[in-house]
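Everything on this sheet refers to the single structure shown next.
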Amino acid sequence: MRLVVFDFDGVFTDNRVLVLEDGTEAVMCSRADGLGLDRLRKFGIDLLVLSKEQNPVVAARCKKLRLPCIQGCDEKADRLRQEFKDRRITSDDVAFVGNDINDLECMEMVDLPISVADGYPEVKRLAAWVGTVPGGQGAVREVCDWMANILERS
């Protein structure tokens with residue numbers, strides 16, 4: 001595995017949004033995710049967030065976690081194909097972590113499609129691995145720990 005791509009909403013978050021009276025949005029994320037991401041980085045795995053959402057909270061959280069982030073991406077599959085080309089990798093080198101139907105096309109393109117525990121039924125059916133932790137509650141940490149444990153044994 002050379003690249004793990006994460007959706008943001010519903011994976012890093014619990015898929016809810018708090019909208020303040022001035023229109024500012026806030027989301028809930030798990031602090032535990034950062035340690036999991038660091039654990040995968042030690043294996044030289046590249047990480048990327050690919051999100052349909054265009055929102056300052058996405059950029060802020062990704063900056064804090066030192067994660068490259070592509071947001072406002074209506075055609076996620078096209079952007080993922082471009083990542084394959086730019087990085088000179090194939091689908092065999094990539095995992096995609098998603099939760100909703102707009103992730104399905106990307107999940108179909110990669111060797112390791114993953115769903116968080118509360119992913120939509122179609123996403124969970126397509127996933128090669130489904131976590132036990134819901135999005136926003138440490139699901140990213142669970143995915144990273146699961147992958148790191150496999151890498152440590154090989």
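No lab work stands behind these numbers, since they all come straight from the coordinates. The shown structure was predicted, so the numbers you read here are calculated from the model rather than taken from an experiment. Glycine gets a Cβ as well: all are built from the backbone with ideal geometry, and neighbour counts include every protein chain shown.
Out of 72, 119, one residue alone is among the small types (Gly, Ala, Ser), assigned to a loop (DSSP other than H, G, I, E, B) and crowded, with 18+ Cβ neighbours inside 10 Å. It is 119. The residue of segment 75-102 that is surrounded by the most Cβ atoms within 10 Å (Cβ to Cβ), among those that are in contact with a Phe, Trp or Tyr (Cβ under 9 Å, 6 or more places away or on another chain) and more than 26 Å from residue 15 (Cα to Cα), is 93. Residues satisfying the criterion are absent from segment 128-148 (criterion: free of Cβ contacts under 8 Å to residues at least 12 places away in the same chain, in contact with a Phe, Trp or Tyr (Cβ under 9 Å, 6 or more places away or on another chain) and assigned to a loop (DSSP other than H, G, I, E, B)).
Restricting the first residue to segment 26-39 and requiring it to be assigned to a strand (DSSP E or B), which pairs with a second residue that is surrounded by 20 or more Cβ atoms within 10 Å (Cβ to Cβ) and basic (Lys, Arg) meet a Cβ separation below 8 Å and a spacing of at least six or different chains? If the second residue must be surrounded by 20 or more Cβ atoms within 10 Å (Cβ to Cβ) and basic (Lys, Arg), the pairs left are 29/61. Out of 35, 3, one residue alone is farther than 27 Å from residue 121 by Cα and aliphatic (A, V, I, L, M). It is 35.
When restricted to residues that are farther than 19 Å from residue 149 by Cβ, out of contact with any helix residue (DSSP H, G or I) (no Cβ under 8 Å at 6 or more places or on another chain) and of a type outside the set (S, T, N, Q), segment 26-63 contains 11.
For segment 99-126, filtered to residues that are of a type in the set (A, V, I, L, M) and in contact (Cβ under 8 Å) with a residue 24 or more places away in the chain, the residue that is nearest to residue 1 (Cα to Cα) is 112.
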